[in-house]
1. Listed residues B:LEU139, B:LEU160; which is farther than 30 Å from B:GLU53 by Cα, of a type in the set (A, V, I, L, M) and at pLDDT below 95?
2. Could you list all residues from segment B:84-116 that are buried (at least 22 other Cβ atoms within 10 Å of the Cβ) and either among the acidic types (Asp, Glu) or closer than 16 Å to B:MET1 by Cβ (or both)?
3. Could you check segment A:40-52 and list, in sequence order, the residues that are surrounded by fewer than 16 Cβ atoms within 10 Å (Cβ to Cβ) and under 25 Å from B:ALA172 (Cβ atoms)?
4. If you go through segment B:137-152 one residue at a time, do you hit one that is open to solvent by 50 Å² or more (accessible area, probe 1.4 Å), under 20 Å from B:ALA116 (Cβ atoms) and within 18 Å of the chain's Cα centre (by Cα)?
5. State whether one or more residues within segment B:74-83 are more than 14 Å from chain A (Cβ to nearest Cβ), open to solvent by 60 Å² or more (accessible area, probe 1.4 Å) and among the hydroxyl-bearing types (Ser, Thr, Tyr).
6. Just the residues that are in contact (Cβ under 8 Å) with a residue 60 or more places away in the chain and among the β-branched types (Val, Ile, Thr), please, taken from segment B:124-158.
7. Considering (1) touching a Cys at 6+ places or on another chain (Cβ under 8 Å); (2) loosely packed, with under 14 Cβ neighbours inside 10 Å; (3) among the hydrophobic types (A, V, I, L, M, F, W, C), say which one B:ALA206 fails and leave the rest.
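The values are calculated or read from the model by the stated rules, or taken from the named source; none is laboratory data. Just so we're clear, the structure is a prediction, and the values are computed from it rather than from any experiment. Because the Cβ atoms are built from the backbone with ideal geometry, glycine has one as well, and the counts that use them run over all protein chains shown. The area values use the complete protein model at the heavy-atom level, side chains included, leaving out ligands, DNA and RNA. Shrake-Rupley method; radii C 1.70, N 1.55, O 1.52, S 1.80 Å.
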Amino acid sequence: MPAADARCDWLSDLIEPWHAGTMREKDRNGYEQHLLCCPPCLAQNDKATLAFAALPSAGTAAQPPEDLMTRLLTQLPVDAPEA
Amino acid sequence: MFWKFLRAGSHGPFTHFPWPADGSWVGAADAQPCTEGVHACRIADLPYWLSDELWHVELAGPVREAEHKVVATSGRLLERVAGWPEAADRLALDCIRRTAEHAAAELRTAGRDADADALTRSAEVDQLTHAAQRIAQSLPQPLRRRAGRLCLYVADAVSLTRYPAATFAYIAARSASERTDSVGRDRYREEREWQADWLQRTLALAGDG
């Protein structure tokens, strides 16, 4: 996708593949060159970059205790519907 | 000789990677265009990557050539190129005038020589906007699709007062590509070549190598 064809309304669909590195070189060039021409799109990509960078830390929450499920099930009311 | 555009504060334009200004080497495991490695520009690549800071860089290892860039496994910043971004406004203005020239050329192709002359005679940017809008509105319907649109590109460009030089460079190249007298020519690439030559002359950049 040459920069001449990249459009602002396509940006939201392209942010994720750009960050994932799955775009073809030509498309990636077009996407990045569009960002340099378009401050609003560059700002949107910047926000997405920050969000993607924060994702790994969001996924490192403490692991639940191994017996948590057992304790929860034993504490359910006797007449509770089965899952 | 290679160059690299960075955002203010010497950060990568998209990754925000903080490039060390003390000349320390930055390395990557591999050099894959777009996804890995240190990317840099030859002279001809510069217009595609305009940003806040322009640096002269050194690359190490095999340098792979790609579309609009080169890639190496490591590189370092050598020195800021003097005169940039101070020259950015001048480039933007010259690109607006180039956009007007392309619109004028399209008007001449359409037999509207008087309109073309009026556009190219407009000395001040404000005059250019008014002339471009007036001409676009005065064109008969069949001409609005091409010549009229290029005139409106001129007016649009002038209205983008806070946009970076890259925007105006793109508009000029896009305008060139939409001229109908372009059979057998890649006017988009030619416009980018004009921009590269402008940067090399204005910033006194040494040749590639």
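1. Working: B:LEU160 fails: farther than 30 Å from B:GLU53 by Cα.
Result: B:LEU139 is the single residue among B:LEU139, B:LEU160 that is farther than 30 Å from B:GLU53 by Cα, of a type in the set (A, V, I, L, M) and at pLDDT below 95.
2. Within segment B:84-116, B:TRP84, B:GLU106, B:ASP115 qualify.
3. Across segment A:40-52, the qualifying residues are A:PRO40, A:ALA43.
4. If we filter segment B:137-152 for residues that are open to solvent by 50 Å² or more (accessible area, probe 1.4 Å), which is where we start, we get B:137-138, B:140-142, B:144-146, B:149, B:152.
When the remaining residues are screened for being under 20 Å from B:ALA116 (Cβ atoms), the result is B:137-138, B:140-142, B:144-146, B:149, B:152.
Filter once more, keeping what is within 18 Å of the chain's Cα centre (by Cα): none.
No, because not a single residue in segment B:137-152 is open to solvent by 50 Å² or more (accessible area, probe 1.4 Å), under 20 Å from B:ALA116 (Cβ atoms) and within 18 Å of the chain's Cα centre (by Cα).
5. Keep residues of segment B:74-83 that are more than 14 Å from chain A (Cβ to nearest Cβ), which gives B:74-83.
When the remaining residues are screened for being open to solvent by 60 Å² or more (accessible area, probe 1.4 Å), the result is B:76, B:78-80, B:82.
Among the residues that remain, those that are also among the hydroxyl-bearing types (Ser, Thr, Tyr) are: none.
Looking through segment B:74-83, none of the residues is more than 14 Å from chain A (Cβ to nearest Cβ), open to solvent by 60 Å² or more (accessible area, probe 1.4 Å) and among the hydroxyl-bearing types (Ser, Thr, Tyr).
6. Pass one, segment B:124-158, residues in contact (Cβ under 8 Å) with a residue 60 or more places away in the chain: B:157-158.
Matches in segment B:124-158: B:VAL158 only.
7. (1)
Here's the yes/no breakdown for (1) out of contact with any helix residue (DSSP H, G or I) (no Cβ under 8 Å at 6 or more places or on another chain); (2) within 14 Å of chain A (Cβ to nearest Cβ); (3) among the acidic types (Asp, Glu):
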site	(1), (2), (3)
B:SER138	no, no, no
B:PRO142	yes, no, no
B:ARG146	no, no, no
B:VAL154	no, no, no
B:VAL158	no, no, no
B:ASP181	no, no, yes
B:ARG187	no, yes, no
B:ARG201	yes, no, no
